[in-house]
1. Quick test of your reading of the structure: His429 fulfils all but one of (1) open to solvent by 40 Å² or more (accessible area, probe 1.4 Å); (2) modelled with pLDDT of 95 or more. Name the failing condition by number.
2. Counting just the residues of the stretch 67-96 that are farther than 11 Å from Ala36 by Cβ, hydroxyl-bearing (Ser, Thr, Tyr) and touching a helix residue (DSSP H, G or I) at 6+ places or on another chain (Cβ under 8 Å), which one comes out surrounded by the fewest Cβ atoms within 10 Å (Cβ to Cβ)?
3. Return yes or no: is Glu394 touching a residue at least 12 places away in the same chain (Cβ under 8 Å) and more than 12 Å from the ligand (Cβ to nearest atom)?
4. May I ask you to verify whether Glu403 is touching a residue at least 12 places away in the same chain (Cβ under 8 Å), at negative phi, away from the ligand (no atom under 16 Å from the Cβ) and outside any strand (DSSP E or B)?
5. Take Glu365 and tell me if it is of a type in the set (Asp, Glu), within 16 Å of the ligand (Cβ to nearest atom) and in contact with a helix residue (DSSP H, G or I) (Cβ under 6 Å, 6 or more places away or on another chain).
6. Does the stretch 178-187 hold any residues that are assigned to a strand (DSSP E or B) and either open to solvent by 10 Å² or more (accessible area, probe 1.4 Å) or over 19 Å from His235 (Cα atoms) (or both), and which are they?
7. Considering only residues that are within 9 Å of the ligand (Cβ to nearest atom) and buried (at least 24 other Cβ atoms within 10 Å of the Cβ), look in the stretch 374-391 and name the one that is farthest from the chain's Cα centre (by Cα).
8. Using the structure shown, decide if Ala370 is closer than 27 Å to Leu474 by Cβ, among the small types (Gly, Ala, Ser) and more than 16 Å from the ligand (Cβ to nearest atom).
Amino acid sequence: MKYVVVSGGVLSGLGKGVTASSIGVLLKSAGLRVTAIKIDPYLNSDAGTMSPFEHGEVFVLDDGGEADLDLGNYERFCDLNLFRDNNITTGKIYSRVIEAERRGDYLGKTVQVIPHITDSVQDWIENVSKQPADGSGLEPEACVIELGGTVGDIESAPFIEALRQFQFRVGRENICFVHVSLVPVMGPVGEQKTKPTQHTVKELRGLGISPDVLVCRSQSPLTKETREKLAAFCHVSPNSVMSAHDVSNIYRVPLMLKDQGICQALEINCNATDLIPRWEKMADRVDNLGQDIHIAMVGKYTGLTDSYLSVIKSLQHASYSVNRTLVIDWIEASNLENQEHEDWNTLRAANGILVPGGFGDRGIEGKILAAEYARTNNIPYLGICLGLQVATIEFCRNVLGMENANSTEFDENTPHPAVIFMPEISKTHLGGTMRLGSRPTNFQVNECMIKRLYNGVEQVDERHRHRYEVNPDLIKQIEDAGLIFVGKDETGQRCEIFELEGHPYYVGVQYHPEFKSRPERPSPPFLGLLMAATGKQI
Ligand code: GLN
């Protein structure tokens, strides 16, 4: 097993996740079976209880793990299916060590950060890196490990120490340390400044890790002088100083690193498969898409792209398939509650409307109005999770005449509970207790748009994350009025997909299709939205 550890310095948000994913792509291009691990030094057990506002979206895995959004980057770039254990947090490690202490596993010993926490981190990495993750069922041969945060943070210190020790456990020749840093440009002649990188590398080396490769974020390519200076001051070979400058699209990042010789530094042959030519084609295609297509995204963290990262990626993947340039028009749902608000003009001008998942009642009435607008004006609509629920509420209110129909999430005393709390969900514990992860949906009809989009299969497995569901007692009444629940769970009771009869594309899914979309295999419900929005026959 070869390990590539990606750490970061100077600033957060430098694109460590994209760098780690790109390295994964290059390892794959060398014909290696790849997996990836993200280390998050916070105390939460997982990202499930963290606000998307503060931390970006919660990425859901097949096994129901609620993980950091970087796991989504790895899955999309490297076409993997990861597990909850691929996201290590301080919370998980400490829980495990404390549990072992209570069991008496360390009887007689003082339990300490070194060696107990650091050993536990290393054991965890070794075990998880062996889990097949690429669908082959075979053990991976290379594992990318991304260390969250920036070097020097108090929180990440035990992990850095664990990784320092790990190089002796696995052998120095089997591990490569990549450090991502920033090279800012200053002054009238645009001088590339190396000092921040020098400092962060000094700090990393002080902790016992000497980077083999530097990846420097910069506006433009690093000059020869900058590379040489960094090499001299940071104890790396000049050939191992990579510049990660701005590129036209994200698919160029692995290509850019390859062109600078990172494969030699990693001692791999990136031409062993057809992956690089495929990425080149994709990158070119993304740079040459046709006319704009406007999708209105009606949410509550608008503008914060990280909060809806997988939804945005899925829309992009689908836009490549229809060869159009995606423009997302962000609409703050609560603005639609004012009929005069200019966001109404944006909504009316859109080619398609998407209401993504969400929790809590802010903006709910605005989302309901957006669903109504799409339904009554034949505008293509995709409702995801909460987006399915608000469309159902809208239908109950305005088609079935159920005044004040609502979800019990927003109005416990609604006279018409269109959406209700699922019986099996915990009322006392919020962490990891939703209906989570991959679950089957069975199609209930022989023919419908969404089934065609899924290539006519009878069953699909998609990932879930919710506490509420469409009230099963109302399903018959709703269906009689034309909103058909074409997909249900394995019991045949729980609603998973609806489709409105006679509408160009009015689809709701209780699951989150965005977590399984891939650049070359767009998620079917998103593809349907983009096809309908561009007037294509489904
Ligand atoms: N809040 C809703 C529920 O818990 C929707 C969740 C979501 O959109 N992920 O069912």
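1. Looking at each condition in turn, His429 falls short on (2).
2. My answer is Tyr94.
3. yes
4. Taking the combined requirement at face value, the residue satisfies it.
5. The answer is yes for Glu365.
6. Hits for the stretch 178-187 are Leu182, Val185, Met186.
7. Gln389
8. Working: closer than 27 Å to Leu474 by Cβ: yes; among the small types (Gly, Ala, Ser): yes; more than 16 Å from the ligand (Cβ to nearest atom): no.
Against the criterion (closer than 27 Å to Leu474 by Cβ, among the small types (Gly, Ala, Ser) and more than 16 Å from the ligand (Cβ to nearest atom)), Ala370 does not qualify.
The values are calculated or read from the model by the stated rules, or taken from the named source; none is laboratory data. Quick caveat: nothing in here was measured; it's all calculated off a predicted structure. All Cβ positions, even for glycine, are placed from backbone atoms using ideal geometry, and neighbour counts span all protein chains on display. Just so you know, the surface numbers come from the protein's heavy atoms only, side chains and all, with ligands and any DNA or RNA stripped out. Shrake-Rupley method; radii C 1.70, N 1.55, O 1.52, S 1.80 Å.
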